[in-house]
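See below for the structure under consideration.
Throughout, read-outs are computed from the coordinates displayed, never taken from laboratory work. Note that the structure is a prediction, hence the values are computed from the model and not measured. Because the Cβ atoms are built from the backbone with ideal geometry, glycine has one as well, and the counts that use them run over all protein chains shown.
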Amino acid sequence: MRLLNSFFGTSFLMYLNLVVAFLCFNAIRGGFAEKNSAFFIFGDSSVDPGNNNYIETIPENRADYKPYGQNGFFKEPTGRFSDGRIIVDYLAEYANLPIIPPYLQPSADYSHGVNFASGGAGVLSTTNQGLVIDFKTQLEYFDKVRLSLTEKFGSAEAEEIISNAVYFISMGSNDYMGGYLGNPKMQELHNPEEYVRMVIGNLTQGIQELCEKGAKKLAFLSLCPLGCLPALRALNPQGHDAGCFEQATALAFAHNNALRTVLPNLELLLKGTFKYSNSNFYDWLLDRINDPTTYGFKEGVSACCGAGPHRGILTCGGTKKDPNYELCENPNDYVWFDSFHPTERIHEQFAKALWNGPSTVVGPYNLEDLFLDKNKQTIADIVDDIPETQQIF
Ligand SMILES: *[C@@H]1O[C@H](CO)[C@@H](O)[C@H](O)[C@H]1NC(C)=O
């Protein structure tokens, strides 16, 4: 009976949505040619395409030297923290867009979007302060791009580009690593719960700011089990062979849970103008770390590039003036390229999962839905029909 009820409830809502979608489709389409959505990216080293090449920072926050980018997709190291491409390069490709350029690259063409991400950056301005482009500054840069689009295309067309664009946000890891666990003063000031609330509070503020400026379609890369990064295994207070650094993983877990609660609330608050895609990078990556061979990898614990236990000391490329780093033969066998960052192969596999993977990994919309503007039911529409335990996003 329950099944029947929810079946009818669901299909009726689906029917309503189809009618509404059809009406909107006819009303809006009229004069516009089919256009690709632009792609705007905010974040940290997980999605930095080379912005840090243009700021004053420490070598550890850069990847514009070998062996980064060694697999030859790009002619030389670009600043991406990978042996090749990163997740947003694949997403751009699947969306039929060119590679999205770093904002700070001189003469970058913003007409398909632009990438503001900066290695080491956090949601909080206090995270790696002075060495990165923090979230607030990334949002200010977005404002400048918005202005320049208005100057170039006129305000109607610029608004259309902004509201049709997909916004990708990948940050938070540095707030918990350098910003908190590596910062005893911050730990004195705030207990973990308070700190997570602060990060999520500032992230939520940023999301709302973006939406006020016309953004409608947002995607989030959730945090991975941070304590299992080779760098954090090496720092585990219980010993570098004691496994993942639990405290770090717990912070990522709490952050993901909080974000998972915030997003449907924002959806309700901004009813009709906010569509989002959340992801479960945490479980997805943990599966590969714990059981690499099942997924075609050989090594899920140690990095390909680095020194010390698990190659967990970030010397890749000789950053700590230590030229004696080790480098694996085939990064495709590895989950981790350096002590903090996954290999291109992981980036590609997860990009595929985000694009149109199963609802255990991405939801309520996937990236294909956002880019192609597919209308379908959202969690907010059907929240009464889903048993609590099945709600993943
Ligand atoms: C944002 O972070 C700052 C600390 O950097 C904190 O004082 C403030 O309360 C946070 N804002 C929200 C809305 O959580």
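To test your reading of the geometry: what angle, between 0 and 90 degrees and rounded to tens, separates the Cα axis of helix 155-164 from the longest principal axis of the chain? Once rounded, one gets 70 degrees. Partner lysines whose Cα lies under 20 Å from the Cα of Lys271, excluding those fewer than 8 positions away in the same chain, are identified as Lys213, Lys216, Lys217, Lys374, Lys376.
By DSSP, what percent of the beta bridges with both residues in the chain are antiparallel, rounded to the nearest 5?
Working: 7 of 26 bridges.
Counting DSSP beta bridges with both partners in the chain, the antiparallel share is about 25 percent.
Projecting label points 7 angstrom from Cα along Cα→Cβ for Glu140 and Lys213 puts them 1.2 nm apart.
Quick check on the exposure proxy: order Thr57, Thr293 from fewest to most C-beta atoms within 10 angstrom.
Numbers: Thr57 18, Thr293 10.
With the fewest neighbours first, Thr57, Thr293 line up as Thr293, Thr57.
What's the longest bit of the chain with no exposed GluC sites (Glu not before Pro), using DSSP loop states and at most 12 other Cβ atoms within 10 Å as the test? Result for the longest clean stretch: 57-328. Counting every pair of alpha carbons in the chain, the share spaced more than 37 Å apart comes to 20 percent.
Distance from the Cα centre of region 222-238 to that of region 274-295, in angstrom? A separation of 16 Å, based on Cα centres. Shape of region 66-212 from the C-alpha gyration tensor: oblate (a/c of 1.5 or more and a/b not above b/c, with a ≥ b ≥ c the square roots of its eigenvalues).
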